[in-house]
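Take a look at the structure below.
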Amino acid sequence: MPIATVNPATGETLETFPPLEHAELEARLARAEAAFEEYRTTGFAERAALLHRAADVLDEERESIARTMTTEMGKPIGAARAEAAKCAKAMRWYADRAQGLLADEHPEQADVEDSGASAVYVRYRPLGVVLAVMPWNFPLWQVVRFAAPALMAGNVGLLKHASNVPRTALFLEELFARAGFPAGCFQTLLIESAAVEGVVRDRRVAAVTLTGSEGAGRAVAATAGDEVKKTVLELGGSDPFVVLPSADLPSAVKWAVTARVQNNGQSCIAAKRFIAHAEVYPAFAAAFTDRMRQLRVGDPQQEETEVGPLATRQGRTDLEELVQDAVDRGAVVECGGQRPEGLDGGWYYRPTVLSGVTPEMRIHHEEAFGPVATLYRAEDLDEALVLANDSPFGLSSNVWTTDAAEQQRCVRDLRAGGVFFNGMTASHPAFPFGGVKRSGYGRELSAHGIREFCNLTTVWLGR
């Protein structure tokens with residue numbers, strides 16, 4: 001894929017970017033190594049001041065970068081503004097809390113004495129240069145949720161962004177430079193996917209974080225494993241949305257629709273499989289389908305648009321093939337299932353609901369990365385949990401019930417990195433984010449996220 005800004009609302013190529021030449025890539029790696037040697041000795045107060053300034057710059061540039069994101073990947077403009085605001089919030093959250101999150105830890109005194117030491121403590125030290133391989137769907141947030149904690153911990157960052165969001169990638173490098181971070185602390189690498197392996201293997205790169213497809217995760221993890229380098233992976237998701245009899249049905253329907261079509265349905269943590277108890281299935285299915293059918297599809301730059309285009313032509317083709325496979329095997333199209341009329345220039349697809357989905361269909365096990373929902377009927381909670389767990393992914397989950405016993409059962413038995421009750425899955429800087437199974441490993445955000453790329457150093461002082 002060429003490195004280019006292509007407007008998915010029109011299919012027009014607006015700008016192309018040449019990949020870095022070998023000499024320039026080498027210069028950026030050297031700059032990152034040198035920057036780390038200086039930056040790692042800075043104090044938390046200095047880092048916090050820089051990150052606060054970055055948040056201020058982002059607030060000042062919110063409208064501009066929102067328009068850029070919408071132009072590059074089709075995100076509705078309101079959602080793009082909200083993404084920029086969320087990034088500034090996360091920067092301030094880490095700027096204000098990193099020192100406490102990474103404070104020295106002191107073992108029990110009895111254990112210290114038993115070891116023969118006069119004192120023992122554990123210190124969190126930065127690892128070094130961290131490479132971030134990031135996707136296009138949340139082109140600002142995915143990067144900031146890595147960069148803010150990594151920089152506050154004293155690491156420096158290299159960004160290999162998705163090839164279809166180069167303007168956003170370059171903005172991010174400029175953002176941290178304008179905030180006053182030392183040269184080399186955060187750099188964008190405009191390189192092709194084939195060049196990533198070489199960067200991962202480079203001795204100056206200490207660790208890698210990747211958000212993206214399962215295939216990309218496997219490739220990067222294999223290379224990093226061969227080099228014995230730390231990785232954090234956040235891969236695909238096919239989150240269940242379980243509705244039980246005690247649910248507030250109107251709220252469940254409202255949030256089910258929002259959860260499915262957020263970011264035009266292109267979100268790893270979007271609810272994708274909707275499992276309703278037999279008692280509420282007819283009402284939930286009818287109301288959910290009706291609201292999906294009424295969503296406004298159109299130009300993402302227009303304020304009233306609720307669903308914009310898919311980010312890439314191939315993404316729409318992949319989604320169409322998933323739906324067609326399900327229909328060919330007996331699934332029923334309750335609404336959508338086709339391209340909208342009058343929007344032929346872009347990569348649009350109607351919000352779609354499928355019922356009668358079975359394990360023989362690809363969509364039952366594969367991630368639908370677009371505004372397509374699958375409906376399932378469960379006779380009881382036991383069956384709902386079986387259906388919810390019948391996925392190779394385990395990123396997050398949503399359950400609608402006010403029954404405390406049912407809630408505890410779901411916490412115990414749902415195999416996912418999160419269980420959200422009576423609401424939709426969302427990320428917040430204070431809470432750990434990540435999954436299990438083929439959704440990846442490691443955690444981002446919270447104290448757990450900032451510690452992922454630290455050297456936990458035991459300091460032992462003899463008597």
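Quick one: count up the residues across the stretch 5-18 that are surrounded by 15 or more Cβ atoms within 10 Å (Cβ to Cβ) and touching a Ser or Thr at 6+ places or on another chain (Cβ under 9 Å). Can you show your working first?
Initially, the stretch 5-18 is screened for residues surrounded by 15 or more Cβ atoms within 10 Å (Cβ to Cβ), giving 5-10, 17.
From what is left, the residues that are touching a Ser or Thr at 6+ places or on another chain (Cβ under 9 Å) are 5-9, 17.
Selection size over the stretch 5-18: 6.
Determine whether A221 is over 30 Å from N455 (Cα atoms), of a type in the set (G, A, S) and part of a helix (DSSP H, G or I). Let's see the steps before the verdict.
Details: over 30 Å from N455 (Cα atoms): no; of a type in the set (G, A, S): yes; part of a helix (DSSP H, G or I): yes.
Answer is no for this residue.
Just to check your reading of the model, which residue among A405, A388 is small (G, A, S) and more than 26 Å from the chain's Cα centre (by Cα)? Step through it out loud before you land on a result.
On the way: A388 fails: more than 26 Å from the chain's Cα centre (by Cα).
It is A405.
Any chance the stretch 394-405 includes a residue that's closer than 15 Å to R273 by Cβ, surrounded by fewer than 20 Cβ atoms within 10 Å (Cβ to Cβ), touching a helix residue (DSSP H, G or I) at 6+ places or on another chain (Cβ under 7 Å) and of a type outside the set (D, E, K, R)? Walk me through it before giving the result.
Filtering the stretch 394-405 for residues closer than 15 Å to R273 by Cβ gives 394-400.
When the remaining residues are screened for being surrounded by fewer than 20 Cβ atoms within 10 Å (Cβ to Cβ), the result is none.
Within the stretch 394-405 (the criterion being closer than 15 Å to R273 by Cβ, surrounded by fewer than 20 Cβ atoms within 10 Å (Cβ to Cβ), touching a helix residue (DSSP H, G or I) at 6+ places or on another chain (Cβ under 7 Å) and of a type outside the set (D, E, K, R)), the answer is no, since none of the residues qualifies.
Got a number for residues in the stretch 109-123 being of a type outside the set (A, V, I, L, M, F, W, C), part of a strand (DSSP E or B) and within 10 Å of L461 (Cα to Cα)?
Within the stretch 109-123, the subset of a type outside the set (A, V, I, L, M, F, W, C) is 109, 111, 113-116, 118, 121, 123.
Pick out the ones that are also part of a strand (DSSP E or B) and you get 118, 121, 123.
With within 10 Å of L461 (Cα to Cα) added as a condition, the list becomes 118, 121.
Here the count works out to 2.
On the basis of being hydroxyl-bearing (S, T, Y), crowded, with 19+ Cβ neighbours inside 10 Å and not in a strand (DSSP E or B), does Y349 make the cut? It would help to see each step written out before you state the result.
Numbers: hydroxyl-bearing (S, T, Y): yes; crowded, with 19+ Cβ neighbours inside 10 Å: yes; not in a strand (DSSP E or B): yes.
Answer is yes for this residue.
Please state which one of A49, A23 is surrounded by fewer than 16 Cβ atoms within 10 Å (Cβ to Cβ) and closer than 23 Å to A84 by Cα. Give the derivation first.
Numbers: A23 fails: closer than 23 Å to A84 by Cα.
Every option except A49 fails the conditions.
I need the full set of residues from the stretch 365-389 which are outside any loop (DSSP other than H, G, I, E, B) and in contact with a strand residue (DSSP E or B) (Cβ under 7 Å, 6 or more places away or on another chain), in order please. If you could, list the steps in order and put the result at the bottom.
In the first step, residues of the stretch 365-389 are kept if they are outside any loop (DSSP other than H, G, I, E, B); the result is 365, 372-378, 381-389.
The answer is V372, A373, T374, L375, Y376, R377, A378, A384, L387, A388.
Being under 18 Å from A80 (Cα atoms), polar (S, T, N, Q) and in contact with a strand residue (DSSP E or B) (Cβ under 8 Å, 6 or more places away or on another chain) narrows it down to one residue among T305, T289; which is it?
Details: T289 fails: under 18 Å from A80 (Cα atoms).
Selected residue: T305, the only one of T305, T289 that is under 18 Å from A80 (Cα atoms), polar (S, T, N, Q) and in contact with a strand residue (DSSP E or B) (Cβ under 8 Å, 6 or more places away or on another chain).
Can you tell me which condition M73 does not meet? The list is (1) over 18 Å from the mean Cα position of the chain (by Cα); (2) closer than 14 Å to F138 by Cα, and all the others hold.
(1)
Can you tell me which condition G236 does not meet? The list is (1) modelled with pLDDT of 95 or more; (2) touching a Phe, Trp or Tyr at 6+ places or on another chain (Cβ under 6 Å); (3) part of a loop (DSSP other than H, G, I, E, B), and all the others hold.
Here G236 clears every test but (1).
Is at least one residue of the stretch 276-292 closer than 30 Å to G434 by Cβ and small (G, A, S)?
Of all residues in the stretch 276-292, those closer than 30 Å to G434 by Cβ come to 276-277, 284, 288, 292.
Imposing the further condition that a residue be small (G, A, S) reduces the set to 276.
For the stretch 276-292, residues closer than 30 Å to G434 by Cβ and small (G, A, S): present.
Would you mind telling me which numbered condition in (1) under 27 Å from M69 (Cα atoms); (2) out of contact with any helix residue (DSSP H, G or I) (no Cβ under 6 Å at 6 or more places or on another chain) A286 fails?
Checking A286 against (1) under 27 Å from M69 (Cα atoms); (2) out of contact with any helix residue (DSSP H, G or I) (no Cβ under 6 Å at 6 or more places or on another chain), the one that fails is (1).
Output the residues belonging to the stretch 174-193 that are surrounded by fewer than 21 Cβ atoms within 10 Å (Cβ to Cβ) and either assigned to a helix (DSSP H, G or I) or among the aromatic types (F, W, Y) (or both).
Hits for the stretch 174-193 are E174, A177, R178, S193.
Could you figure out which of (1) among the hydrophobic types (A, V, I, L, M, F, W, C); (2) surrounded by fewer than 24 Cβ atoms within 10 Å (Cβ to Cβ); (3) closer than 20 Å to P432 by Cα isn't true of A117?
(3)
Does the stretch 355-373 hold any residues that are surrounded by 23 or more Cβ atoms within 10 Å (Cβ to Cβ), touching a residue at least 60 places away in the same chain (Cβ under 8 Å) and touching a helix residue (DSSP H, G or I) at 6+ places or on another chain (Cβ under 7 Å), and which are they?
A368, F369, G370, P371, V372, A373
State which residue pairs qualify: first residue charged (D, E, K, R) and inside the stretch 210-227, second residue in a helix (DSSP H, G or I) in any location, beta carbons under 6 Å apart, and separation of 6 or more residues or different chains.
If the second residue must be in a helix (DSSP H, G or I), the pairs left are E227/R201.
So if I check each of R260, R291, which one is part of a helix (DSSP H, G or I) and surrounded by fewer than 20 Cβ atoms within 10 Å (Cβ to Cβ)?
Values: R260 fails: surrounded by fewer than 20 Cβ atoms within 10 Å (Cβ to Cβ).
Of R260, R291, the one residue that is part of a helix (DSSP H, G or I) and surrounded by fewer than 20 Cβ atoms within 10 Å (Cβ to Cβ) is R291.
Give the residue, chosen from A206, A147, that is among the aliphatic types (A, V, I, L, M), at pLDDT 95 or above, in a strand (DSSP E or B) and in contact with a strand residue (DSSP E or B) (Cβ under 8 Å, 6 or more places away or on another chain). Outline the logic, then answer.
Values: A147 fails: in a strand (DSSP E or B).
Checking each option against the conditions leaves just A206.
How many of the residues making up the stretch 324-334 are buried (at least 22 other Cβ atoms within 10 Å of the Cβ) and either in a loop (DSSP other than H, G, I, E, B) or under 24 Å from the mean Cα position of the chain (by Cα) (or both)? Write out each step before concluding.
Step one: filter the stretch 324-334 for residues buried (at least 22 other Cβ atoms within 10 Å of the Cβ), giving 326, 331.
Going one step further and asking which of them are either in a loop (DSSP other than H, G, I, E, B) or under 24 Å from the mean Cα position of the chain (by Cα) (or both), we end up with 331.
Within the stretch 324-334, residues that are buried (at least 22 other Cβ atoms within 10 Å of the Cβ) and either in a loop (DSSP other than H, G, I, E, B) or under 24 Å from the mean Cα position of the chain (by Cα) (or both) number 1.
The values are calculated or read from the model by the stated rules, or taken from the named source; none is laboratory data. If you're wondering where the values come from, they're calculated on a predicted model, not measured in any experiment. Quick reminder, even Gly has a Cβ in these numbers, built from the backbone with ideal geometry, and neighbours come from all protein chains shown.
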